[in-house]
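Enquirer: Handing you this structure, nothing more for now.
The values are calculated or read from the model by the stated rules, or taken from the named source; none is laboratory data. Since this is a predicted model, take the numbers as computed values, not measurements. Here the Cβ positions follow ideal geometry from the backbone for every residue, glycine too, while neighbour counts run over all protein chains shown. Side chains are part of the model used for accessible areas, which takes the heavy atoms of the whole protein and leaves out ligands, DNA and RNA. Shrake-Rupley method; radii C 1.70, N 1.55, O 1.52, S 1.80 Å.
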Amino acid sequence: MTADPNAATQSFPPPRPTAPHPARYLVPALVAAAVAVALGVYGKVHDPAGTAFNLAGFSSTGAVKSWLASVAFLFALVQLVSALMVYGRLPGPRWAATLHRWSGRAAFLVAVPVAVHCLYALGYQTYETRVMWHSLLGCFFFGVFSAKMLLLRSERLPGWLLPLVGGLVFAALTVVWLTSALWFFRTFGVTT
């Protein structure tokens, strides 16, 4: 009698999937902390230049910054709605995930010049409560955003982790917008 090499082998129970090691979430958290602290330290030790850029058609750098921050916040709202579609909390089109990815990229690209202006021209300041929260959460936003980008590449994440980190990104950007652009528009009027 000969053995058939193509015959089914004895069935063994499939190996149980191993839970991800908690340390793999430590790296994104450490990167988030490092980014936030590095931005805060740079903003604190850097001698503020007073201005970083101005765009033609705007009356001031504050107006430029407020409008760019408002555009970033608008994209963040699209992020929130599209995330709810992706997770099945709202009905949405099949391309909701694509909308989510591209609105996030756009929000980040629009937020970067605002952050550069804030850090280079104004620095990390704490002279009043609004400004302190703006500085703190501006640095936190870029830190937690960095963590989210790293977590997106991870496999077998707990189902609650990305929505939690995404919610932190959205909440931080919301407070940053409230303490800057909305404050600017309420103080100086909606100007360009």
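Enquirer: From the list Pro17, Pro13, Pro48, which residue is under 30 Å from Thr126 (Cβ atoms) and either over 22 Å from the mean Cα position of the chain (by Cα) or at pLDDT below 80 (or both)?
Expert: Answer to the check: Pro48.
Enquirer: Name the residue, out of Leu162, Leu151, Leu157, that is open to solvent by less than 50 Å² (accessible area, probe 1.4 Å), outside any helix (DSSP H, G or I) and of a type in the set (A, V, I, L, M).
Expert: Leu157
Enquirer: May I pose another question? Filter segment 118-140 down to the residues that are of a type in the set (A, V, I, L, M, F, W, C) and open to solvent by 60 Å² or more (accessible area, probe 1.4 Å) and list them by number.
Expert: The answer is Leu122, Met132, Trp133, Leu136, Phe140.
Enquirer: Check off (1) open to solvent by less than 60 Å² (accessible area, probe 1.4 Å); (2) touching a Pro at 6+ places or on another chain (Cβ under 7 Å); (3) on the phi > 0 side of the Ramachandran plot for Gly189 and give me the number that stays unchecked.
Expert: Only one criterion in (1) open to solvent by less than 60 Å² (accessible area, probe 1.4 Å); (2) touching a Pro at 6+ places or on another chain (Cβ under 7 Å); (3) on the phi > 0 side of the Ramachandran plot is unmet by Gly189, namely (2).
Enquirer: If we keep just the residues of segment 56-90 that are among the hydroxyl-bearing types (Ser, Thr, Tyr) and closer than 24 Å to Ala121 by Cα, which is surrounded by the fewest Cβ atoms within 10 Å (Cβ to Cβ)?
Expert: So the residue we want is Ser59.
Enquirer: If you don't mind, another one. Identify, from the list Ala115, Ala181, Ala171, the residue that is in contact with a Ser or Thr (Cβ under 7 Å, 6 or more places away or on another chain) and of a type in the set (Gly, Ala, Ser).
Expert: Every option except Ala181 fails the conditions.
Enquirer: Within segment 59-117, track down each residue that is polar (S, T, N, Q), assigned to a helix (DSSP H, G or I) and touching a residue at least 24 places away in the same chain (Cβ under 8 Å).
Expert: Selection gives Thr61, Ser66, Ser70, Gln79, Ser103.
Enquirer: Out of segment 94-117, which residues are under 13 Å from Leu77 (Cα atoms) and open to solvent by less than 50 Å² (accessible area, probe 1.4 Å)?
Expert: Listed by number, the residues that qualify are His100, Ser103, Gly104, Ala106, Ala107.
Enquirer: Out of Gly50, Gly43, I need the residue that is open to solvent by less than 70 Å² (accessible area, probe 1.4 Å) and either outside any loop (DSSP other than H, G, I, E, B) or touching a Ser or Thr at 6+ places or on another chain (Cβ under 7 Å) (or both). Which one?
Expert: On inspection, the qualifying residue turns out to be Gly43.
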